[in-house]
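> Dropping the structure in here first, questions after.
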Amino acid sequence: MSEVDTSSFQKEIIVRNIREEDIEEVVKVANLSFGLPGVAFEAKHYKSHINIFPEGQFCVEYDGKIIGACSSIIVNFEDYGEDHTIDQISGNGYIRNHNPDGKNLYGLDVVVHPDYRTLKIGRRLYEERRKLCRKFNLKSILFGGRMPNYYKYADKLTPEEYVDQVIKKKIYDPVIVFQTMNGFKFKKVLANYLPHDEASLENATLMEWVNEDYAPPSEKDYRHSLPVRISSIQYDFKEVRSFSDFAQQCEYYVRSSSKVRSDFVLFPEVVTMQLAAFSNERFPSGQAQKVTTYTEDYIQLFSDLAVKYSINIIAGSHYVEEDNEIYNVSYLFRRNGTFDRQYKLHVAPSEKSWLGVQAGDDGVKVFDTDCGKIAILIGYDILFPELARQATEQGAQIIFTPFAEENEQGCMRIRCCSQARAIENQVYTVISGASGNMTNITLADAKYGQSGIFSPIDFSFPNAGIVAESRPNVEAVVVGDVDLETLRRNRETGSATPFKDRSQQQEAESVSLL
């Protein structure tokens with residue numbers, strides 16, 4: 001089958017280490033970000049940073065341009081104490097005091113181009129620092145943060161009183177609020193920290209994030225993998241009057257998922273059938289045909305949302321026309337700006353007879369993400385055990401299933417089969433359905449859904465293998481954490497090990513045939 005040309009929509013966000021050829025551009029971004037002369041590091045400083053500690057220097061590249069960066073150093077914080085200045089902790093900007101054997105990562109700056117502050121660039125850079133902290137088994141991340149609105153209150157409040165009021169949400173300070181929202185705790189005010197910072201009156205907030213996985217060298221070095229947080233949307237199907245209305249509803253769910261720092265958000269199957277509400281098309285196949293005309297708008301919308309909210313989106317599924325045939329396709333939109341797709345491989349009888357939807361022939365795909373390997377089985381596909389088996393044999397750790405059912409029986413088939421796939425393959429499964437009704441839309445006139453996140457059933461997992469689930473047939477955002485390290489260990493040493501035993505049986509059968 002031919003594919004829709006989607007290359008023009010992909011503008012990848014890349015977080016990587018700074019290279020020497022990036023320095024000039026990073027300096028420009030830093031000066032724009034601070035907006036204060038004499039505050040940002042100069043080219044000679046950044047050059048020293050990447051020569052001494054290249055792993056600790058990150059930049060964000062978007063559409064071929066550097067739009068954000070951060071610098072870090074490893075120190076023993078106790079060597080400097082809680083009354084240091086930026087010059088002392090940074091070795092006068094050159095980080096020649098970097099200590100590879102230190103216990104703490106110290107953040108020297110985070111800079112973001114003003115035109116791109118809606119893309120969660122600061123959050124992405126903070127997350128890279130957290131990964132670095134875990135990678136080097138460091139105790140914590142510390143830094144001195146600006147308090148740029150303090151000058152407005154300096155005649156009434158001490159710096160400590162000002163920070164207290166900001167933390168209590170009585171005063172707004174964009175930097176302090178951002179840092180606390182990203183998990184950092186206020187320790188104390190650093191006086192005379194940053195020369196030339198007139199807005200902060202040269203004060204700074206000493207902030208710390210403690211690495212929960214830190215293991216002192218003398219202790220057993222076992223750490224769980226970072227839990228993956230998933231949001232499954234029990235979507236409310238309701239009348240919309242324009243694509244803009246549809247986009248607004250989808251953004252609400254993505255924004256809600258991003259607020260709780262989910263790594264993935266899953267929407268239900270054929271979520272875009274909502275767009276047929278204003279098409280004035282009454283014939284079922286014509287409604288599906290009309291929805292296919294929104295393919296580019298759909299791709300642009302979810303590509304933008306994934307980048308804007310820094311979250312991986314499985315955007316339900318959407319009807320796509322290729323070579324005069326209609327296919328049911330699910331898209332994975334990664335938060336770095338790239339995307340992939342999975343065709344529905346088994347078409348349900350109702351889709352075939354009412355809409356003329358054709359089955360895809362490209363097989364089960366497994367996709368790499370920043371939170372493990374995933375697969376997507378659309379609706380009816382989860383009823384076929386061999387598809388989940390193929391996905392897990394290719395390395396899938398989470399299987400996402402967007403579905404659309406009109407009654408409880410259909411919903412229960414999806415739910416029960418999803419749990420069965422989780423047990424027999426020792427994998428996490430996630431389902432997303434919908435509630436509500438749209439009386440004029442075929443296959444959307446009634447919706448019955450119960451969304452959930454499921455695990456294998458064993459001592460290491462939640463009771464009955466239910467990580468989280470919604471109540472039936474109500475609008476909801478279901479949120480749960482899954483641990484990929486627990487999954488790996490369970491496949492090796494669980495009370496039942498069907499994944500490993502099946503692989504061994506297959507190997508034995510292959511040997512016997514030879």
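> With a probe of 1.4 Å, find how much accessible area the chain has per residue, and write the answer as a whole number in Å².
44
> Right, something else. Which order do the peptides 456-466, 121-131 take when ranked by the mean count of other beta-carbon atoms within 10 Å per residue, highest first?
121-131, 456-466
> Still on this structure, I have one more. In the structure displayed, which of 44/259; 170/259; 168/373; 44/170; 103/373 lie more than 30 Å apart, Cα to Cα?
Over 30 Å Cα-Cα: 44/259; 168/373; 44/170; 103/373.
> Counting other Cβ atoms within 10 Å, keep those with at most 13, restrict to DSSP loop, and tell me which chymotrypsin sites (Phe, Trp or Tyr not before Pro) in region 240-288 are left.
Sparse-neighbourhood loop chymotrypsin sites (Phe, Trp or Tyr not before Pro): none present.
> Counting only C-alpha contacts under 8 Å and six or more residues apart, can you give the relative contact order of the chain as a whole percent?
Reported relative contact order: 12 percent.
> Students often check this: by mean Cβ neighbours within 10 Å, which of 428-440, 41-53 ranks highest, and how do the rest follow?
Ranked from most to least packed, the peptides come out as 428-440, 41-53.
> Over the chain, what percent of the accessible surface lies on carbon and sulfur atoms, probe 1.4 Å?
Within the chain, the accessible surface is 48 percent carbon and sulfur.
> What are the aspartates and glutamates whose alpha-carbon lies under 18 Å from the alpha-carbon of residue 352, with same-chain residues fewer than 8 places away excluded?
Within the straight-line cut-off, residue 352 pairs with 269, 321, 322, 323, 325, 361, 381, 405, 406, 445.
> In addition: Using a 1.4 angstrom probe with every protein chain in place, what is the largest-first accessible-area order of 401, 493, 338, 180?
493, 180, 338, 401
> Taking 0.36 nm per intervening residue step and subtracting the Cα-Cα distance, what contour gain separates residue 215 from residue 92 on full extension?
Taking residue 215 through residue 92 to full extension adds about 41.2 nm, to one decimal.
> When only Cα pairs under 8 Å and 6 or more residues apart are kept, what is the percent relative contact order across region 264-337?
Computed over region 264-337, the figure is 38 percent.
> Mind checking which aspartates and glutamates have their C-alpha under 17 Å from residue 135, skipping anything on the same chain fewer than 8 residues away?
55, 101, 127, 212, 213, 219, 221, 370, 485
> Applying 1/(1 + (r/R0)^6) with R0 = 30 Å to the Cβ-Cβ distance of residue 65 and residue 255, what FRET efficiency is obtained, to the nearest 0.05?
0.70
> Sort 86-99, 410-423 by the packing proxy (mean of other Cβ within 10 Å over each peptide's residues), most packed first.
By packing density, highest mean first, the sequence is 410-423, 86-99.
> Moving on. Within the chain, what percent of beta bridges assigned by DSSP are antiparallel, to the nearest 5?
Here the antiparallel bridges make up roughly 70 percent for the chain.
> Give me the net charge of residue 87's neighbourhood, meaning all other residues with Cβ under 14 Å from the Cβ of residue 87; Lys, Arg count +1, Asp, Glu -1.
Combined, the nearby Lys, Arg, Asp and Glu give -4.
> Here's something else I'd like to know. Quick one: putting +1 on the C-beta of Lys and Arg, -1 on the C-beta of Asp and Glu, what dipole do you get for the chain around its Cα centre, in Debye to the nearest 20?
1000
The values are calculated or read from the model by the stated rules, or taken from the named source; none is laboratory data. For clarity, every value in this text was computed on a predicted model and none was experimentally measured. As a convention, Cβ positions derive from the backbone with ideal geometry for all residues, glycine included, and neighbour counts pool all protein chains shown. For accessibility, only protein heavy atoms count, side chains too; no ligands or nucleic acids. Shrake-Rupley method; radii C 1.70, N 1.55, O 1.52, S 1.80 Å.
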